1. Which ones in the stretch 26-54 are modelled with pLDDT under 95 and not hydrophobic (A, V, I, L, M, F, W, C)?
2. Between a residue in the stretch 108-126 that is within 15 Å of F153 (Cα to Cα) and any residue that is among the hydroxyl-bearing types (S, T, Y) and not in a helix (DSSP H, G or I), which pairs come within a Cβ distance under 6 Å, given they are 6 or more apart or on different chains?
3. Filter the stretch 65-94 down to the residues that are farther than 23 Å from S129 by Cα, charged (D, E, K, R) and open to solvent by 60 Å² or more (accessible area, probe 1.4 Å) and list them by number.
4. Looking at this structure, is L100 in contact (Cβ under 8 Å) with a residue 24 or more places away in the chain, within 24 Å of F29 (Cα to Cα) and surrounded by 14 or more Cβ atoms within 10 Å (Cβ to Cβ)?
5. All but one of (1) surrounded by fewer than 18 Cβ atoms within 10 Å (Cβ to Cβ); (2) in contact with a helix residue (DSSP H, G or I) (Cβ under 8 Å, 6 or more places away or on another chain) hold for F60; state the number of the condition that does not hold.
6. Out of curiosity, is D155 open to solvent by 40 Å² or more (accessible area, probe 1.4 Å) and in a strand (DSSP E or B)?
7. Going through the stretch 44-75 one residue at a time, which ones are basic (K, R) and in contact (Cβ under 8 Å) with a residue 24 or more places away in the chain?
Amino acid sequence: MNGLLLPVRTARESGRLRLRTTTSGDLPFLLRLYASTRVEELDLTDWDAATRAAFVEMQFRAQRTHYLTHFPDAQCDVVELEGIDIGRLYVRRSGSDIVLMDIALLPAYRSAGIGSELLRALLNEASSSGRAVVLHVEANNPRAHDWYQRSGFVDVSSSGVHTLMRRDPA
């Protein structure tokens, strides 16, 4: 799927999506993107801006190290819309499954159909190759859980923190 161009037609955007392999030059963007996914959670704390920034950077580096160490075969892509970096997509492909490890978009691009377009492309790939798509969704993220359910995923198990979801090939 790397380098794949995806047509996008949404209410707020019109253009083309492209996935490209992340490089070390993408780290500042990826950190900013990661920080944008933690805003609501951090708003529940009384931390000052410096403490928040240090926490987010530590968590970002820990996640990145974990992914690179434990899933070296995963494909880590930056999502571009008309040449602008707007998100990331981490996918691991195995013989029987496609694991959606992470999908994130900058706030200005959320709820515009872009994530759905990326997910649709992944589901089409899975269907054409006869593989299931599996993912973990955080228990404290009901919007994402509902989105995956609407896309045909079903709950498989729950660890309390995460719910394992699966969509078998059509």
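1. Y34, S36, T37, R38, E40, E41, D43, T45, D46, D48, T51, R52
2. L119/S151
3. E82
4. yes
5. Going through (1) surrounded by fewer than 18 Cβ atoms within 10 Å (Cβ to Cβ); (2) in contact with a helix residue (DSSP H, G or I) (Cβ under 8 Å, 6 or more places away or on another chain) one by one, F60 breaks only (1).
6. Details: open to solvent by 40 Å² or more (accessible area, probe 1.4 Å): yes; in a strand (DSSP E or B): yes.
Yes: the conditions hold for D155.
7. Kept after step one, since they are basic (K, R), are these residues of the stretch 44-75: 52, 61, 64.
Listed by number, the list holds a single entry, R64.
The values are calculated or read from the model by the stated rules, or taken from the named source; none is laboratory data. Computed from a predicted structure; not experimentally measured. Here Cβ is always computed from backbone atoms with ideal geometry, including for glycine, and neighbour counts include all displayed protein chains. Heads up: the accessible areas ignore ligands, DNA and RNA and are worked out on the full protein's heavy atoms, side chains in. Shrake-Rupley method; radii C 1.70, N 1.55, O 1.52, S 1.80 Å.
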